[in-house]
Amino acid sequence: MQVKDSNRNRRDFGSLAAICLVLQIAVAPNIALGNGRANMALVFAGITSLLVGGQLGVLCGFLAGLVFDLSTTGPIGLMAFLLTVASFVVGIEARNRLADDFRGSMSIFALMAVAVSLLYHLTMLLVGDATSFVDVVFLRTLPTSLLTIVAFAPFAYAISHATGSALTLGGKPSKSARSHGSRYDLNI
Amino acid sequence: MPRKGGTTPPSTRFKRTDADGGLRTCIVLVVVSLVMFTLSVREGDTGGVFNTARGAWMTITTPIRWVGGAVTAPFQGLGNVVANLTTDQERLSDLKAENERLVARNAELEEAEQTARRLESLLGLQSLYNLQSTAARIISGSTDSWSSTVTIDKGTASGLAVGMPVTDANGAIGQIIRCGSTSATVRLVTDENSSISAMVQSSRAQGVLRGSVDGTLRLTLVRTDQMVEVGDMVVTSGLGGVFPKGLPVGKVVSVERTSGSLYYEIEVEPLSSTESFEEVLVITSLTEDQKATAQDVAEADLQDTTASSPTTTSETSEGGEGEGDADATDGEASSEGDDWEGEYDEYDEYAGEDGA
């Protein structure tokens, strides 16, 4: 559920960005499933777009994608482009989902992960960095998507059950939201 | 959408973070990212702004990567653990069987390696002494408790005969006393009934090497005026005409000189242990240079004559039993009537010593 962009939320997003950055650089390269590795930039972009969406979500998606591009050997700008578009689309979609629909958040993110991974690897195939469509789909896209979804799950759970935070992806209502009288009292 | 308090429909109470949902920002960033992508692809892998930026980024984040690698190192084998846990029973059974087979094969190869080393040593001995020999393998030990013998897997069918000397890689170990068509019995030098013409290598002191019940060897009939020291090597003298001259047999471990005795009491430790006998060489014939020469026989005679002479040193004047002992050392080889026994009939009393 998207909420207003308060200073506290900025701190939360800052912490989240730092965590995802460290995980992307330090941990993700060392945990592989086949040729796939978790894309923490996608996780960060998914969380921000699901939580706040809009301009901030798009910006976070772009920056996350840019960091991902800089961290890999692929062309710079590709993941930035994909995450920018994906964040915008997910941000629009997340506005209309049910607040307690944790499963819905996971589903949206799963679709986002699969779509972004598939498009990324297909583009890599087109620019000549990959040679086999089958390899792209089954040995790269699917493992990457799976690991990314797995990596997203604990973040989603933690955010959903965090006390003192206005951010939620559904599930247990946050204490902070209830303290404002309503979970949906999202005045800016 | 669930509602908590208030009567206003939730949809009308959402406040968007921006008016158009970030569409304009999205368009701008999409254009930027596409430009970056295009330039990056054109730039290739070398040079350019993007590669420089990437290099700088990699440098900045290197410490994080290093720490991450160190932290995740213990978990690198997690994939193998998971793979092992999910391995089916059939695969595990196959691996166990394969492991057992490899262990057995390893033991077999180690055994083969040791055998090869022993054979190399035998070949070395054969080459060193220019021995005309046949290789054989010991297949059993003594069948009784009162003789020290071994059985080898070659017999008359392989050209072996009674009286032929047998050696291992370290030196002489015995002499064939019975010979079947496919096997032969070898009396070891440590057998109580064994006696071999031998000499101390350093001083050339002649004597007779006899076996004993306790498994040690005793070099007898060595005069006390000869030089014998602990550690001296004892080799075959070749006087019996059975063993080739100079083949090592043992090493002196003690020398005793009894007052009034004409001869030393010399204990010799055999070079070869009966437990280590596996591959052996049966010497089938001797070359001329392996036999004792007439000069050797003369020197032996001289030593013995000197020992029995009353004009020699005081220690030897009370002796005189040496000759008789030497005569009493006829081995079985002398009674078999083959070529081997005939040779030492040409020599003096020492010539009959090679009867293991």
Selection count where residues are surrounded by fewer than 20 Cβ atoms within 10 Å (Cβ to Cβ) and outside any strand (DSSP E or B), scope segment B:147-182: 11
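For (1) more than 7 Å from chain B (Cβ to nearest Cβ); (2) in contact with a strand residue (DSSP E or B) (Cβ under 6 Å, 6 or more places away or on another chain); (3) assigned to a helix (DSSP H, G or I); (4) surrounded by fewer than 22 Cβ atoms within 10 Å (Cβ to Cβ), each residue gets a yes or a no:
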| position | (1), (2), (3), (4) |
| --- | --- |
| A:Gly46 | yes, no, yes, no |
| A:Leu56 | no, no, yes, no |
| A:Cys60 | yes, no, yes, no |
| A:Leu66 | yes, no, yes, no |
| A:Leu70 | no, no, yes, yes |
| A:Gly74 | yes, no, no, yes |
| A:Met79 | yes, no, yes, no |
| A:Thr84 | no, no, yes, no |
| A:Ser87 | yes, no, yes, no |
Unmet criterion (only one of (1) under 16 Å from the mean Cα position of the chain (by Cα); (2) buried (at least 22 other Cβ atoms within 10 Å of the Cβ); (3) modelled with pLDDT under 85; (4) more than 8 Å from every other protein chain (Cβ to nearest Cβ)) for A:Tyr120: (3)
All positions within segment B:25-42 that are buried (at least 16 other Cβ atoms within 10 Å of the Cβ) and either at pLDDT below 80 or not hydroxyl-bearing (Ser, Thr, Tyr) (or both): B:Cys26, B:Leu29, B:Val30, B:Val32, B:Met36, B:Phe37, B:Val41
Count of segment B:260-289 residues which are in contact with a helix residue (DSSP H, G or I) (Cβ under 7 Å, 6 or more places away or on another chain) and at pLDDT below 85: 3
Residue in segment A:164-182 that is crowded, with 22+ Cβ neighbours inside 10 Å and modelled with pLDDT of 80 or more present: no
Among (1) in contact (Cβ under 8 Å) with a residue 40 or more places away in the chain; (2) closer than 30 Å to B:Gly48 by Cα, the one test that A:Val90 misses: (2)
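Which of the residues that make up segment B:23-63 are in a helix (DSSP H, G or I) and among the hydroxyl-bearing types (Ser, Thr, Tyr)?
Keep residues of segment B:23-63 that are in a helix (DSSP H, G or I), which gives B:23-43, B:48-63.
Once the filter is applied, which keeps residues that are in a helix (DSSP H, G or I) and among the hydroxyl-bearing types (Ser, Thr, Tyr), segment B:23-63 yields B:Thr25, B:Ser33, B:Thr38, B:Ser40, B:Thr52, B:Thr59, B:Thr61, B:Thr62.
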Residue that is farthest from the other protein chains (Cβ to nearest Cβ), among those in segment A:29-44 that are modelled with pLDDT under 80 and part of a loop (DSSP other than H, G, I, E, B): A:Asn35
Members of segment A:134-153 that are farther than 16 Å from A:Val116 by Cα and not β-branched (Val, Ile, Thr): A:Asp135, A:Ala153
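Out of all the residues in segment B:5-24, is one or more at pLDDT 80 or above and either more than 10 Å from every other protein chain (Cβ to nearest Cβ) or out of contact with any Cys (no Cβ under 9 Å at 6 or more places or on another chain) (or both)? First the steps, then the outcome.
As a first pass, look at segment B:5-24 and keep what is at pLDDT 80 or above: B:23-24.
Next, only the ones that are either more than 10 Å from every other protein chain (Cβ to nearest Cβ) or out of contact with any Cys (no Cβ under 9 Å at 6 or more places or on another chain) (or both) stay: B:23-24.
Yes, segment B:5-24 contains a residue that is at pLDDT 80 or above and either more than 10 Å from every other protein chain (Cβ to nearest Cβ) or out of contact with any Cys (no Cβ under 9 Å at 6 or more places or on another chain) (or both).
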Count of segment B:236-251 residues which are buried (at least 23 other Cβ atoms within 10 Å of the Cβ) and either out of contact with any helix residue (DSSP H, G or I) (no Cβ under 8 Å at 6 or more places or on another chain) or at pLDDT 90 or above (or both): 4
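Tell me yes or no: at least one residue of segment B:114-122 is of a type in the set (Ser, Thr, Tyr) and within 18 Å of B:Ile196 (Cα to Cα). Step through it out loud before you land on a result.
Start the filter on segment B:114-122 by keeping residues that are of a type in the set (Ser, Thr, Tyr), which leaves B:115, B:121.
Those left that are additionally within 18 Å of B:Ile196 (Cα to Cα): none.
Scanning segment B:114-122, I find no residue that is of a type in the set (Ser, Thr, Tyr) and within 18 Å of B:Ile196 (Cα to Cα), so the answer is no.
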Yes/no for A:Val137 being under 17 Å from A:Asn39 (Cα atoms) and buried (at least 22 other Cβ atoms within 10 Å of the Cβ): no
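The values are calculated or read from the model by the stated rules, or taken from the named source; none is laboratory data. Since this is a predicted model, take the numbers as computed values, not measurements. Cβ coordinates were reconstructed from backbone atoms using ideal geometry, including for glycine residues, and neighbour counts include every protein chain displayed.
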